[in-house]
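These notes are about the structure you will find just below.
Derivation of every value follows stated rules applied to the coordinates shown; laboratory data play no part. Everything numeric here is computed off the predicted structure, so don't read it as measured data. Virtual Cβ from ideal backbone geometry, glycine too; neighbours counted across all protein chains shown.
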Amino acid sequence: MFPKISILMSVYNDQVYLAKSIESILEQNFQNFEFLIVNDGSTDDSLQIMTKYAEEDERIKIINNEQNLGLIESLNKGINVATGEYIARQDADDISLSKRLEQQVEFLDNHQDVVAVGTAVAIIDEEDNITKYNYPPTKHDELQASLLLICEFHHSSMMLRRSSVQKLRGYNQAKPHAEDYDLWWRLSRYGKLANLSEVLVKRRYDKRPRVSLRYRQPQLANSLEISLKAVKESLAERKLGNLDEEAFTRLWWTYLRPMDEESYQKFWQAQQRKEACLKPQDIESLKSFWDLIIKHPGGVTVWNKRFQWLAYYLLSLKQTQVGLQLFWVLSTKFKVSIPWHSVLKKSVVPYLRFI
């Protein structure tokens with residue numbers, strides 16, 4: 001008899017937190033699973049730790065890479081041997097709360113049109129202290145609209161239908177460090193996506209160098225490619241015209257800037273210089289993109305407040321014309337009520353600071 005779930009974990013030199021992560025799976029309320037752990041050529045004590053648990057619990061199966069193959073190949077190896085109806089991801093330093101599998105299985109059993117479901121998460125430090133919470137959108141339309149520019153899923157919280165993932169041939173080797181974003185977009189066009197609103201996973205952000213930081217440049221480059229692909233496919237599907245890719249690229253980087261100023265400066269502005277920031281003419285050139293946001297069933301709901309926030313940010317940078325133009329798009333196209341008195345006040349403040 002096959003297990004209901006295949007838990008999939010890839011491990012590379014994660015000895016510090018591996019035991020806690022494994023135990024959080026073994027202590028789940030829902031126990032009908034196999035636990036596939038891929039040792040991706042670890043050189044620390046990770047293999048010994050997982051072997052100890054495997055000797056005590058026959059549900060744990062170790063797949064050993066003699067050399068480091070990377071996350072994508074390791075995960076695809078696990079997907080290919082998984083036998084569960086569902087595949088649940090777990091990173092080697094994260095912790096799943098005891099109700100996680102139970103609630104995700106119940107959700108997927110009751111929503112046959114959903115192919116992948118994540119959860120809200122708590123961010124923890126090296127001492128397991130919660131530093132903040134993250135509550136991504138929960139509905140498919142809003143999640144797919146978000147994926148036009150950014151990824152709104154926590155990879156380590158995801159549970160997927162194995163049949164759907166295998167039909168799409170798993171993770172894309174051509175999109176390293178953004179392979180999850182790529183898969184979520186492809187899945188969103190194959191079936192529905194969802195997030196549970198309850199915090200069911202603790203994601204660890206500690207002081208160790210993270211892969212996502214070490215490989216930030218290719219991660220961003222691949223994320224931009226996926227975003228461009230998502231927008232162009234959505235435009236073509238709705239017959240809304242072509243995308244001005246240069247203008248959209250500036251919008252994408254400008255949206256990223258307040259969240260990651262270091263990457264913006266290092267990987268974008270240093271190359272583009274005066275061409276880096278969103279330009280007044282870009283707002284008009286992006287007409288097809290604004291139309292897409294309006295036509296997409298989750299578009300305005302997701303992007304209304306985010307683009308208002310971006311417009312205020314542009315005003316704070318003294319990018320007054322483009323900031324006001326973005327507010328005008330929100331008012332005239334998105335039909336959003338704009339507090340113009342506040343907007344005009346904010347547009348003047350940056351120029352008064354040094355008087």
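Summary table
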| read-out | value |
| --- | --- |
| Euclidean distance between Cα centres, the range 144-194 to the range 279-350, Å | 29 |
| Ascending count of other beta-carbon atoms within 10 Å, so fewest first, for T320, T332 | T332, T320 |
| Order of Y313, Y135, Y86 under a 10 Å beta carbon neighbour criterion, fewest first | Y135, Y313, Y86 |
| The chain: DSSP helices with Cα axial extent of at least 20 Å and average Kyte-Doolittle hydropathy no lower than 0.5 | none |
| Built amide H within the under 5 Å cut-off of D45, gap 5+ | Q15 |
| Amide H contacts of H154 (H built 1.01 Å from N, under 5 Å, at least 5 apart or other chain) | T119 |
| Backbone HN-Hα couplings from phi across the range 121-138 [Karplus 6.51/-1.76/1.60, Hz, Gly and Pro as x] | 9, 9, 8, 10, 9, 5, 9, 6, 6, 6, 9, 6, 10, 10, 10, x, x, 10 |
| Within a Gaussian network of the chain (alpha carbon springs, distance under 10 Å), most fluctuating of E23, E55, E142 | E55 |
| Per-selection metrics, the chain (Cα): Rg and Dmax in Å | 22.0, 76 |
| Within straight-line cross-link reach of K333, lysines at Cα separation under 16 Å, skipping those fewer than 8 residues along the same chain | K287, K295, K305 |
| Cα convex hull of the range 213-352, projected area averaged across orientations, nm² | 8.7 |
| Per-residue Cβ neighbour rank within 10 angstrom, fewest leading, T138, T131, T119 | T131, T138, T119 |
| Zero-based 5 Å bins, Cα pair distances in the range 125-282, whole percents | 1, 8, 15, 18, 20, 17, 12, 6, 2, 0, 0 |
| Fluctuation leader among N65, N195, N39 - the chain, Gaussian network, Cα springs under 10 angstrom | N65 |
| CD proxy at 222 nm, helix term only [per DSSP H run n ≥ 4: -39500 (n - 2.57); per residue of the chain; nearest 500] | -14000 deg cm²/dmol |
| Between the range 26-48 and the range 102-124, the Cα center-to-center distance that results, in Å | 21 |
